[in-house]
Structure formats: structure tokens, C-alpha cells
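A.B. asks: Please read through the structure below; I'll follow up with questions.
The values are calculated or read from the model by the stated rules, or taken from the named source; none is laboratory data. Predicted, not measured: the structure shown is a model, and the values here were computed from it. When we count neighbours, we look across all protein chains shown, and the Cβ atoms used for this are built from the backbone with ideal geometry, even at glycine. Note: areas computed on protein heavy atoms with side chains; ligands, DNA, RNA excluded. Shrake-Rupley method; radii C 1.70, N 1.55, O 1.52, S 1.80 Å.
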Amino acid sequence: MNQQSYVYPVISVIIPTYNSEKTIRHTIESVLQQNFSDFELIIINDGSTDSTLEVISHFQDSRIKVFSFDNAGGNVSRNRGLKQAIAEFVSFLDADDLWTPDKLESQLNALKANPQVAVAYSWTDYIDEQGKFLLSGTHITANGNVYEQLLVSNFLENGSNPLIRREALVELGGFDESLTAAQDWDMWLRLAQNFNFIAVPRVQILYRISANSLSTNLARQEKASLQLLDKACSTNTQDLNHLRKKSLTNLYKYLTCKALQQPFNRKKGLAAARFLWKYIFNDSSRFHHTNLKLKLLFKIALIIIFPSSVSTALLTHI
């Protein structure tokens, strides 16, 4: 087939994967089962040492393209996938997350109906390692210039969410490879600083929570998020300090709750205590929501005082 007759796909889906043998099959299936089928699926194997590549090889679909590299991390892998992408629109998907079948179609329709918009995003719900529903996401709907709202809280919630015009990603130089976490939030903020967003108000991303996921490395997440906020506030022409305080409140509330998820141990309890203090310190309405804060403090006390087996048994019934 010569180049003149080649028809480019409409969407490039990029999956970075590292040792994802337990989840990658279901993730790929959720892409191949999309109602909209005119896409290429770019899988960036980030130096996997398990059977990830073997699982991928069982799929016989001409839309799948696999590229293997030495391990370099998720943000580098996303940028490597972006360099391979040829479609007008791009969507990233982590190797343990899932999409509902209407995800690409709905977001593409939103972007085509709104040519002034560069990013379409949907709502997220959370699932466990077995794929069972855990809890609902924030389900926020914000359109147009969403920068300030996104700075206060990453309401896109994860890197598996939006469909983006590729030219916008290329213009911004892709993901910041210096960040060890929160790369998706940083990317969405830089997009929001330059382009409009549109919401598809339906749950279309199923984000998997597991004990080994990057989001469970709380110290790394805190450091990267603070680095991100410092960069956002220093590079913006507006004074964003009032929003930074709100963002820190949300960040430390989130980190406190994450530290109080199973498995329980004293180290996580101490981390939760530190996060709770920073949550209260940054919260301008610190005397509101006292029931939540007291409940968090009670959980922390149980985890710190009792052995993990005892605290697990006690907290399971609370």
C-alpha cells in the first residue's frame, strides 16, 4: 500500500505498560470493545520482566502496535507513545484501568461538535483488583476555561480519562518527565492553561485501585504534587496563592484518606497523622467538617496504637 492511499486512524490510544500481566488483557479488551473502532492501539512496553508481552501477543488485531523499550517510567512511556501516534486525537490508558464501550465515541462526538475545544473528559468510578465497584469519583462537570477549578482539584482524577487533540499535546511538548508522580494532573493543567475543556457527564473510566499502584506511594505523590503546584503558581501571570491554599487542603485530605486504606500499619498511620495535620492547617474552614476530621483522627489512633491485625479487625466493623 503506498502512502497516498493510506487512511490514518481517527484516534490513537496509548497504553504504557510495565509488569501488567494480571490486568493488561482486560484493559486491551476494553479498548477493542469500543463502539468506535477507527483507532490504532499503541502499547509501550516499559521493560516488563513478567509475561506482559506474552499476554499481549495473544491478541490478533491489526490495530495493535507494540513497542518495547528499557524501563523509564510512565511519563516517558506516554511521550514515546505520543511520538508514534499518527491520529488527530489521542487518549492514554493505564494498563490496569478500563473504559466503558462508549468512551471514545462519546468524547469524539463532543470534540467534533465543539471545534474550539481541545480536551473532552468523562467521569470516573473506582474498582478493586478483581474489577468490582468500590466507590464513585467526584463526577464534576466543568466546561470551557477550567484552569482554576482544575488547580484546586484534579477532577479528571487519572491519566486514563480524556481524549485530546494531538496537536495540543505536541504543542506543549508532552508529559513532564521530571515528575515522579502527578504527571497527568500537570499535563491537564498545562492543557487547561491554553485550551478549553468539555465534559461528557457519564461514568466511562473505571480506575483500578491496587496495593501496588503508583498512587499508593504517598510520599512520592506529595512531593510531585507540591512541585507541580509551585511550578503552576510561579509560571502563571495571575496571583494564584488563594487557590494554592485550597489545592493543598484537597491534596492533604486526599493523602490522609489514601494513607488510611488497607493494608493498615503503623508507618501509614504516622503518615496519615502528618497529612491530617497539614489538611487542617491549610483548610481555611478548618472548624467545618469536624465529624470527618475526628473520624480520621480516630482511625489514625487505632492504627498507631494497635498491631495491624487488631486495627484491621476493629476498622473493618466501623
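A.B. asks: State yes or no: is Ser234 part of a helix (DSSP H, G or I), more than 27 Å from Ile305 (Cα to Cα) and over 23 Å from the mean Cα position of the chain (by Cα)?
C.D. replies: Working: part of a helix (DSSP H, G or I): yes; more than 27 Å from Ile305 (Cα to Cα): yes; over 23 Å from the mean Cα position of the chain (by Cα): yes.
So Ser234 passes the test.
A.B. asks: May I ask you to verify whether Ile198 is at pLDDT 95 or above, in a strand (DSSP E or B) and open to solvent by less than 10 Å² (accessible area, probe 1.4 Å)?
C.D. replies: So Ile198 does not fit the description; no.
A.B. asks: Would you mind telling me which numbered condition in (1) modelled with pLDDT of 90 or more; (2) in the same structural domain as Tyr121 (by the TED database) Lys253 fails?
C.D. replies: Single failed check for Lys253: (2).
A.B. asks: Just checking, which of Ala120, Ala142, Ala181, Ala168 is closer than 24 Å to Leu228 by Cα, touching a Phe, Trp or Tyr at 6+ places or on another chain (Cβ under 6 Å) and either assigned to a loop (DSSP other than H, G, I, E, B) or of a type in the set (A, V, I, L, M) (or both)?
C.D. replies: On the way: Ala120 fails: touching a Phe, Trp or Tyr at 6+ places or on another chain (Cβ under 6 Å); Ala142 fails: touching a Phe, Trp or Tyr at 6+ places or on another chain (Cβ under 6 Å); Ala181 fails: touching a Phe, Trp or Tyr at 6+ places or on another chain (Cβ under 6 Å).
Selected residue: Ala168, the only one of Ala120, Ala142, Ala181, Ala168 that is closer than 24 Å to Leu228 by Cα, touching a Phe, Trp or Tyr at 6+ places or on another chain (Cβ under 6 Å) and either assigned to a loop (DSSP other than H, G, I, E, B) or of a type in the set (A, V, I, L, M) (or both).
A.B. asks: Please give the helices (runs of 4 or more DSSP H) falling wholly within the range 11-86 in which 3 or more residues are surrounded by 17 or more Cβ atoms within 10 Å (Cβ to Cβ) and touching a residue at least 60 places away in the same chain (Cβ under 8 Å). Don't jump to the end; show me each part of the working.
C.D. replies: Details: elements: 24-32, 52-57, 74-84.
In the range 11-86, 24-32, 74-84 are the helices (runs of 4 or more DSSP H) which contain 3 or more residues that are surrounded by 17 or more Cβ atoms within 10 Å (Cβ to Cβ) and touching a residue at least 60 places away in the same chain (Cβ under 8 Å).
A.B. asks: What's the total number of residues in the range 271-294 that are under 27 Å from the mean Cα position of the chain (by Cα) and part of a helix (DSSP H, G or I)?
C.D. replies: Qualifying residue count for the region: 14.
A.B. asks: Which ones in the range 87-104 are in a loop (DSSP other than H, G, I, E, B) and either under 16 Å from the mean Cα position of the chain (by Cα) or among the polar types (S, T, N, Q) (or both)? Give the derivation first.
C.D. replies: Let us first name the residues in the range 87-104 that are in a loop (DSSP other than H, G, I, E, B), namely 87-88, 93-97, 100-102.
Answer for the range 87-104, where residues must be in a loop (DSSP other than H, G, I, E, B) and either under 16 Å from the mean Cα position of the chain (by Cα) or among the polar types (S, T, N, Q) (or both): Leu93, Asp94, Ala95, Asp96, Asp97, Thr100.
A.B. asks: Considering only residues that are crowded, with 21+ Cβ neighbours inside 10 Å and either modelled with pLDDT under 95 or in contact with a helix residue (DSSP H, G or I) (Cβ under 6 Å, 6 or more places away or on another chain) (or both), which ones fall in the range 97-135?
C.D. replies: Scanning the range 97-135 gives Leu98, Trp99, Ala118, Val119, Ala120.
A.B. asks: Quick check on the range 136-149: of everything there that is closer than 15 Å to Trp123 by Cβ and in contact with a helix residue (DSSP H, G or I) (Cβ under 7 Å, 6 or more places away or on another chain), which residue is surrounded by the fewest Cβ atoms within 10 Å (Cβ to Cβ)?
C.D. replies: Ala142
A.B. asks: Could you list, ordered by first residue, the pairs with Cβ atoms under 6 Å in which the first is in the range 108-136 and free of Cβ contacts under 8 Å to residues at least 24 places away in the same chain and the second is open to solvent by 10 Å² or more (accessible area, probe 1.4 Å), at least 6 apart or interchain?
C.D. replies: Pairs that qualify, where the first residue is free of Cβ contacts under 8 Å to residues at least 24 places away in the same chain and the partner is open to solvent by 10 Å² or more (accessible area, probe 1.4 Å), are Leu135/Tyr126.
A.B. asks: Output the residue which, of all residues in the range 241-258 that are under 15 Å from Trp185 (Cβ atoms) and more than 19 Å from the chain's Cα centre (by Cα), is surrounded by the most Cβ atoms within 10 Å (Cβ to Cβ).
C.D. replies: Among residues in the range 241-258 that are under 15 Å from Trp185 (Cβ atoms) and more than 19 Å from the chain's Cα centre (by Cα), the one surrounded by the most Cβ atoms within 10 Å (Cβ to Cβ) is Leu243.
A.B. asks: Let me ask you something else. Being open to solvent by less than 10 Å² (accessible area, probe 1.4 Å) and hydrophobic (A, V, I, L, M, F, W, C) is the filter here; which residues of the range 176-188 pass it? I'd like the intermediate steps shown before the answer.
C.D. replies: Going residue by residue through the range 176-188, those that are open to solvent by less than 10 Å² (accessible area, probe 1.4 Å) are 179, 181, 186-188.
If the condition is that a residue be open to solvent by less than 10 Å² (accessible area, probe 1.4 Å) and hydrophobic (A, V, I, L, M, F, W, C), then Leu179, Ala181, Met187, Trp188 are the ones that fit.
A.B. asks: Still on this structure, I have one more. Name the residues in the range 162-191 that are under 20 Å from Cys257 (Cβ atoms) and not acidic (Asp, Glu), would you?
C.D. replies: Restricting attention to the range 162-191, the residues satisfying the condition of being under 20 Å from Cys257 (Cβ atoms) are 181-182, 184-185.
Result: Ala181, Ala182, Trp185.
A.B. asks: Continuing with the same structure: Please go through the range 14-48 and pick out each residue that is aliphatic (A, V, I, L, M) and either modelled with pLDDT under 95 or farther than 14 Å from Pro101 by Cα (or both).
C.D. replies: If the condition is that a residue be aliphatic (A, V, I, L, M) and either modelled with pLDDT under 95 or farther than 14 Å from Pro101 by Cα (or both), then Ile14, Ile15, Ile24, Leu41, Ile42, Ile43, Ile44 are the ones that fit.
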